[in-house]
1. Take each of the peptides 73-81, 213-221, average the number of other beta-carbon atoms within 10 Å over its residues, and list them starting from the highest.
2. Cut-off under 21 Å on the C-alpha distance; same-chain residues fewer than 8 positions from residue 173 excluded. Which lysines are left, in chain and number order?
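Quick note: the coordinates plus some simple rules give every number you see, no bench work behind them. Computed from a predicted model, the values in this text were never measured in an experiment. Reconstructed Cβ throughout: ideal geometry from the backbone, glycine too, with neighbour counts over all protein chains shown.
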Amino acid sequence: MTNTLPIKAKVMIGMVAVASLCALSFGVVRWQTQAWPQLLLLSVAAAVSSRLKVKLPGLTSSMSGNLPVILLAVTQLGLFGSLLVAVTAAIAQSYSGGNKTKPIQFVFNACTLLNASGLAYLAYHSQLFRAGAATHTMSLVLAAVTYFVANTAPVASIIGLTEGGNPFALWHKVFLWSFPNYVIGAGLTAIVSAFTTFTGLATLAALLAVLFAVYQSYKLYVGRAAQLQPQAMAMAAGR
């Protein structure tokens, strides 16, 4: 399956995979006692929210609603626990029902998610901001921005390498469509983490209910935008 991939794409996939192995190794070395109830609930939430996927217009990639869950794992679990939640999200996100995901696609997607989660964890716990009332918020914003770049840039790059597009133009498209989702996700994470730790089925149910509502709204918005796009292009061509 990898014979049809350009050499540059194979090299990039290899680099992403090696980086994810380093992240896992670093997580094992820095092992912390995990809050197992939180880890279990966040893993369930990651699996469910990762199935809330929206196909991005004009792109071969999709966007899922697992960002708040992964950021909650970053803020409330150790590094290895955060990576376990990311792995769970990657497995659920890559499942395509009747259409089988190619192994190379799964490896790339899973490793990209692992790297993004690991970098977000390091950004959040970097202590770049002085202790104060806004420390948590600023650290969370830094983690969300880090995750956004680390998750979207490799995807745009691999699409550009495999399909012959301009990676920067593709990333700009991804940015325009997904940035609002990241803002909403980071805001939701800030609200949940500010008032409670992620424990109990009630918290899980409330979070998933909000994520489902956001998913339905975003799906409707993207669907309408995709329908209007050909009409706008036709009108522009007719002028």
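1. Values: 73-81: 23.7, 213-221: 14.4.
Result, highest mean Cβ count within 10 Å first: 73-81, 213-221.
2. Within the straight-line cut-off, residue 173 pairs with 53, 55, 219.
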